[in-house]
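The values are calculated or read from the model by the stated rules, or taken from the named source; none is laboratory data. These numbers come from a predicted model, not from an experiment. Note that each Cβ is placed from the backbone with ideal geometry, even for glycine, and that neighbours are counted across all protein chains shown. Keep in mind that these areas ignore ligands, DNA and RNA; they rest on the heavy atoms of the full protein, side chains included. Shrake-Rupley method; radii C 1.70, N 1.55, O 1.52, S 1.80 Å.
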Amino acid sequence: MATMPAEPRPWLAPTASTQVTTTVRLPGSKSMTARALILSALAGGPSVIERPLRARDTELMAAGLRALGVAVDTSDDERWPVGPGPLHGPARVDVGLAGTIMRFLPPAAALADGVVEFDGDPHARNRPLRPIIEALRALGVSIDASPTGGLPLTVHGSGLVEGGETVINASASSQFVSGLLLSAPRFTKGLVLRHEGPPVPSAPHLRMTTHMLRAAGALVDESVPDVWAVEPGPLHGRSWVIEPDLSGAAPFFAAAMVTGGAVTLAGWPAASWQPVERLTELLTALGGDVSQGPDGLTVRGTGALHGLTADLSEVSELTPVLAALAALADGPSELRGVEHIRGHETDRIAALVAELAKAGAEVTEFRDGLRIEPRPLRATTFETYADHRMAHAAAVIGLAVPGIELTDVACTSKTLPEFPELWAGLVARS
């Protein structure tokens, strides 16, 4: 059922001989594009998504919505019109390896009239889904899932979800909360969702969800910690302008820091729904200089990379690139608070420990992170584990270490298909 990404092919990461100084224009945020697609599909009228991300995750999300009866026109790279319609089965949804699809679409599919089947890449079956499935069942939704509580799964949609109150443990992923909240205005009684368990990671992504819900006309109360209340009511069709992807920009900013250059992310908005303040704090602590101006968001290298100790629980997507910078720094680093990334595209903690050690770093693995003692690094083959963020980390190290070969650069198509060309051009221009 699943459409697999391109076949793995080795790729030698380019090494920079001079400062990388350039302006990059990147596609839109994956997180914002995914949320805009769901909210547009559930709205009472048409929407337009301006400057969306076109990548494997978002193309599969659009295809999944089309299978449910939503008109999503992705023929124009800059403008995707979305025409909502009655959601219906039977339908089959390929989630690929995307957490956004496997967690955002089942609650919407529960509103469909008919059977909706979900499956994806082999590793997608290892990604945690049980909490959102159990929450939907508690709300009266009929779902068949695998014995492990994940994919493949089948949602038996009845055309409505009564809603009401339920409890969830979302400590493994904030997407469990976001997935339920995005569809909650369409539940007959709305939703009161209470989290019980260790802290929910990636809080900025939750704030993005509630901001975008309100922008679509939903009434959301998050005044009580770990409780979200969404009133039943219509969602409005609107124009969504998608910001450049901050997580996708991280390796490019890192290139400025590794080489002592300057990289500007063009088109950065004056006010953002992404965690730019936290990124600024982290890059500054590592030795970067971050500024915002009319040209965009600029990161400058200062000629030195410093070790840091940081809790990355709010910005865990940045862990691989920050770990790469830490391996090139002048002192040790400790990156903690990210146990949940063991359930991402791969076990990112174990993968980083293995690959950084192969390159010569001294790495200590913790349950929720890793400690990196910089050592002289050497050429190696860097396994990417079909994980775009691991490929980004390897490319950053390759700027400073000749002979870093990635087993598979095509995995970057998950969120940025142009990455190999953009990265090579970045180095060549410098």
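Please work out the average accessible area per residue across the chain, using the 1.4 Å probe convention, and give it in Å². Please list the in-between numbers first.
Details: 15500 Å² over 430 residues.
Per-residue accessible area for the chain comes out at 36 Å².
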R214 and A271 label points (each 7 Å along its Cα→Cβ direction) are spaced in nm at 1.0 nm
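Want the number for H236 to T18: 0.36 nm per residue separation, take away the alpha-carbon distance, what's left?
73.5 nm
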Rounded to 0.05, the calculated FRET efficiency for the beta carbons of R207 and D330 at R₀ = 30 Å is 0.30
Percent antiparallel among DSSP beta bridges confined to segment 354-408, rounded to 5, stands at 60 percent
Check: C-alpha center segment 254-318 vs C-alpha center segment 170-223, spacing in Å is 28 Å
In order over segment 50-58: 3J(HN,Hα) from phi, Karplus 6.51/-1.76/1.60, θ = phi - 60°, whole Hz, x for each Gly or Pro, gives 8, 6, x, 7, 9, 7, 4, 4, 6
Cross-link reach from K358 to aspartates and glutamates, straight Cα distance under 18 Å and at least 8 residues apart if same chain, gives D347, E373, E383, D387, E405, D408
Bridge orientation stat for the chain from DSSP, antiparallel percent rounded to 5, came to 65 percent
The lysines whose Cα lies under 23 Å from the Cα of K30, excluding any fewer than 8 residues away in the same chain, are K414
Note: probe point = Cα of H156 + 7 Å toward Cβ; backbone nitrogen < 20 Å; residues of segment 111-126 passing the test are 111-119
